[in-house]
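The values are calculated or read from the model by the stated rules, or taken from the named source; none is laboratory data. None of the values given here were measured: they were computed from a predicted structure. Virtual Cβ from ideal backbone geometry, glycine too; neighbours counted across all protein chains shown. Calculation scope for accessible area: heavy atoms of the full protein, side chains included, ligands and nucleic acids excluded. Shrake-Rupley method; radii C 1.70, N 1.55, O 1.52, S 1.80 Å.
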Amino acid sequence: MNFSSKILENAVNEVSQLPGIGKRTALRLVLHLLKQPASQTHQLAAGLTKLVDEIKICEKCHNISDVEVCEICANLSRNSEIICVVEDVRDVMAIENTSQYKGLYHVLGGKISPIEGIGPHNLTIDSLVTKVKLGMVKEVIFALSSTIEGDTTIFYIFKQLEVLNIKTSTIARGIAVGDELQYADEVTLGRSIVNRIPFEKSL
């Protein structure tokens with residue numbers, strides 16, 4: 001792809017590094033930005049800079065937040081005795097949209113995947129186990145995708161928690177095997193949370 005401007009080429013190269021964005025799509029997006037008022041593009045750039053510089057990770061659940069403790073963890077009306085374990089922040093958003101769950105969350109930051117070089121130490125599993133050991137949690141709900149990696153991660157965590165004699169459950173399989181949680185419709189996802197089953201019965 002030949003560019004008439006080095007500045008344009010650099011912008012396209014940067015945008016094309018985003019997931020699912022090829023060079024042609026990146027060029028289309030960059031040219032679109034050039035057609036917009038400069039103030040709008042500056043606002044976009046400022047928003048991204050603020051995102052990188054000021055975003056925080058909740059010190060309790062590892063969700064993305066504007067402050068040290070996210071709004072969900074800080075909400076005293078939430079049931080702190082139940083923790084829903086999810087892969088990433090998109091899953092928190094998906095479950096919250098169902099309005100069916102009133103407990104707290106724990107964001108793992110991924111799934112165990114030896115092929116991708118992701119092991120238990122790369123996730124926030126240790127902090128989850130530490131949280132449960134404090135004795136305030138009565139139930140841990142596994143809400144990970146129905147994939148091999150998701151099931152492997154759930155089983156690994158289950159074995160870590162098994163000795164702590166705590167109730168563990170998993171969302172009902174209204175979510176098709178192989179599906180990512182974030183893509184499930186709200187009704188199906190909501191029902192799968194409400195109709196969760198003991199994890200031992202899912203083995």
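First measure r as the distance between the Cβ atoms of Glu54 and Leu31, then evaluate 1/(1 + (r/R0)^6) with R0 = 35 Å and state the FRET efficiency to the nearest 0.05.
Numbers: r = 30 Å, r/R0 = 0.85.
For Glu54 and Leu31, the calculated efficiency is 0.75.
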- [ ] Could you pull the accessible area for Phe3 with a 1.4 Å probe, rounded to 10 Å²?
- [x] 50 Å²
Open item on the list: Leaving out ligands and nucleic acids, and using a 1.4 Å probe, what accessible area per residue does the chain come to in Å²?
Closed with: 61 Å²
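Report the Stokes-Einstein translational diffusion coefficient (µm² s⁻¹, integer) for the chain, Rh taken as the Kirkwood radius over Cα pairs, at 20 °C with viscosity 1.002 mPa s. Mind showing how you got there, number by number?
Details: Rh = 19.2 Å.
Calculated translational D: 112 µm²/s.
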Open item on the list: With every protein chain left in place and a probe of 1.4 Å, what is the accessible surface of Arg78, to the nearest 10 Å²?
Closed with: 30 Å²
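Could you rank the peptides 38-48, 62-72 by their average count of other C-beta atoms within 10 Å per residue, with the highest value first?
In descending order of packing, they fall as 62-72, 38-48.
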- [ ] Give the shape of segment 1-57 as rounded, prolate or oblate, defined through the alpha-carbon gyration tensor: a ≥ b ≥ c are the square roots of its eigenvalues, a/c under 1.5 means rounded, and otherwise the shape is prolate if a/b is larger than b/c and oblate if not.
- [x] oblate
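For Ser113 and Thr152 in the same chain, what is the full-extension length gain: residue separation times 0.36 nm, less their Cα-Cα distance, in nm?
Working: separation 39, 0.36 × 39 = 14.04 nm, distance 0.85 nm.
In short, 13.2 nm is gained.
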Task: Theoretical ellipticity at 222 nm over the chain - DSSP helices of four or more residues, -39500 (n - 2.57) apiece, nearest 500 - done: -13000 deg cm²/dmol
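Using a 1.4 Å probe on the protein chains only, how many percent of the accessible area of segment 7-165 belongs to carbon and sulfur? The partial results should precede the final answer.
Numbers: 5480 of 9600 Å².
Here carbon and sulfur together make up 57 percent of the probe-accessible area.
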